[in-house]
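The values are calculated or read from the model by the stated rules, or taken from the named source; none is laboratory data. These figures come from a predicted structure and were not determined experimentally. FYI the Cβ positions are ideal-geometry reconstructions off the backbone, even for glycines, and counts take in every protein chain you see. Ligands, DNA and RNA are excluded from the accessible area calculation, which covers all protein heavy atoms including side chains. Shrake-Rupley method; radii C 1.70, N 1.55, O 1.52, S 1.80 Å.
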Amino acid sequence: DKSCQVKRGTLSTYSSTNQQQHIQSRAESTAMSSQAETLRRRPTAGLIHQQLKETPSTDDESSSSCSESTLSREEETNSRTTSPPFEGGVSPQSRSSEMTRRILPWLGLAIWPLMLFLPILLNHTYKYHYSVVFPRTWYTIHGENWLDKSIEEGGIWEWGSEMYRGSIGNGNVDNNKPLRHPLGLSLGISAVAIGHFFLLIYFRLHQQQVLGKTTPIQRRGAVQYIYSDALKNHLSQPGGFILLGLYLTFTWIFDLLPPSYYSFSGGIQYTHVALCLICQDFVQFLMHQLEHVAHPKMYRISHKPHHKFTNPKLFDAFDGSVPDTAIMILTPLFITAHVVRTCNVWTYMAFGSSYANWLTLIHSEVTFPWETAFRRLGLGTAADHHVHHKFFKYNFGHLFMWFDWVAGTYRNPREVWGKEFNEGV
């Protein structure tokens, strides 16, 4: 009996031990499953999870060896997936990305030749050459051979020959002086519009930092606005493109420009474009100062509405008043046409587009990559013009700072870095 009791006790003890080991084994299995689930959720733990899944639950010693084995496999996997060291510690991908980051902002330089897109297209391509696209009667007197010098005369409106009477320049009266054909006028306005279209696309990409990081000029930051609303206001200003279009129409149709301005002969005269821009900005510089100092009432009526923008944005360029545009833009335009008298229609077109679009760019609320180089050459930048809007008595020039240098009215934006303006603008 005692022997049986001992055996029963031994069996009971053995059964109890087995039961405890079974419970412990299940607990360890649960822990391992939980660990595997945690590792599985990690982004790089797919292989480890698979290894843990395939490893049976064991006692502490075998679990430890399994963990070491798993870790060694993980290290091996990482060593296979990690790229080998590169020369200089920089991978080709990083080098390429850095180069792209540096080059991308400079793509904006393309906006300058794109301002001349239409006159270049109609002069320097065979398929779209103006002589192929348009009837000869539109750009010659009575449709003579386009190779003849008569092409230089410009076209006339046959239906308008009895509609206008005026002088012919020598004091006599020409009772049959015709209206000028609107081809050149239409192309001129279209050249400005197409150049502006490219500018607006570029500026939107630049403003949204698609082409790289931008810096607001003033420390208080760029003014916030709804792009579509600001664009609509910019294009519909009575003192802006509307008044400019009316001026161009009136002076063209009624033959108020020098004769060469109606000529389609030759291509763009780039030296004449530069002369027109310089002359225009010089006269505008004088008229700008006149508006500021002539009389407080004159300033209040004409230029003060534009100076409500002490932190201007690109779309504020032509937001002012009709008298301001007439005094500071249209008057210089008329004077320039009669000072630089030998431009042809393509040169006049290129000058108009360059001037209107450059004048828009200098009102930008953020800098452009070319501004440092421009400032060294005395060419007008957005930061230069912000100085004028912020302090009123400096930088009266728009496209060129040369006249302010001579007059002693130039102030470099660098002087207010870290104060009113951001560093580096």
Check your understanding: (1) over 29 Å from residue 200 (Cβ atoms); (2) touching a residue at least 24 places away in the same chain (Cβ under 8 Å): which one isn't true of residue 414, the others all being true?
Key -> (2)
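Return the residue satisfying two criteria in turn: it lies in the stretch 222-241 and is part of a helix (DSSP H, G or I) and open to solvent by 60 Å² or more (accessible area, probe 1.4 Å), and of such residues it is nearest to residue 206 (Cα to Cα).
By that ranking, first place goes to 228.
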Review point. When only residues in the stretch 257-268 that are farther than 13 Å from residue 185 by Cα and either out of contact with any Pro (no Cβ under 7 Å at 6 or more places or on another chain) or of a type in the set (S, T, N, Q) (or both) count, which is least open to solvent (accessible area, probe 1.4 Å)?
Key: 258
Point to revise | Count of residues meeting criterion [surrounded by fewer than 22 Cβ atoms within 10 Å (Cβ to Cβ), more than 23 Å from residue 273 (Cβ to Cβ) and not polar (S, T, N, Q)] in the stretch 370-405 | key: 6
Exercise for review: Please work out if residue 173 is more than 29 Å from residue 204 (Cβ to Cβ) and modelled with pLDDT of 65 or more.
Suggested key: no
Point to revise | Pairs where the first residue, in the stretch 265-281, is acidic (Asp, Glu) and the second is open to solvent by 50 Å² or more (accessible area, probe 1.4 Å) and part of a helix (DSSP H, G or I), C-beta under 9 Å, 6+ apart | key: 281/402
Study note, to complete from the structure: Those residues of the stretch 242-251 which are open to solvent by 40 Å² or more (accessible area, probe 1.4 Å) and more than 15 Å from residue 349 (Cα to Cα) amount to 242, 246, 250
Exercise for review: Could you tell me which numbered condition residue 217 fails, if it satisfies all but one of (1) in contact with a Pro (Cβ under 8 Å, 6 or more places away or on another chain); (2) open to solvent by 60 Å² or more (accessible area, probe 1.4 Å)?
Suggested key: (2)
Review point. In this structure, is residue 271 closer than 16 Å to residue 397 by Cα, at pLDDT 95 or above, open to solvent by 20 Å² or more (accessible area, probe 1.4 Å) and assigned to a helix (DSSP H, G or I)?
Key: no
**Study point:** Within the stretch 284-362, helices (runs of 4 or more DSSP H) holding 3 or more residues that are open to solvent by less than 40 Å² (accessible area, probe 1.4 Å) and touching a helix residue (DSSP H, G or I) at 6+ places or on another chain (Cβ under 6 Å)
**Key:** 345-361
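Mind checking which residues of the stretch 287-315 are charged (D, E, K, R) and without any contact (Cβ under 8 Å) to a residue 60 or more places away in the chain?
Selection gives 291, 297, 300, 304, 308.
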Practice item. Could you check, for the stretch 312-333, whether at least one of its residues is of a type in the set (Lys, Arg), over 23 Å from the mean Cα position of the chain (by Cα) and closer than 30 Å to residue 108 by Cβ? Key: no
Exercise for review: Select from the stretch 111-148 the residues that are open to solvent by less than 50 Å² (accessible area, probe 1.4 Å) and either part of a loop (DSSP other than H, G, I, E, B) or modelled with pLDDT under 95 (or both) and list them in ascending order.
Suggested key: 115, 116, 123, 125, 129, 130, 131, 134, 139, 140, 141, 143
Exercise for review: For residue 254, work out the one condition from (1) crowded, with 18+ Cβ neighbours inside 10 Å; (2) over 15 Å from residue 352 (Cβ atoms) it doesn't fulfil.
Suggested key: (1)
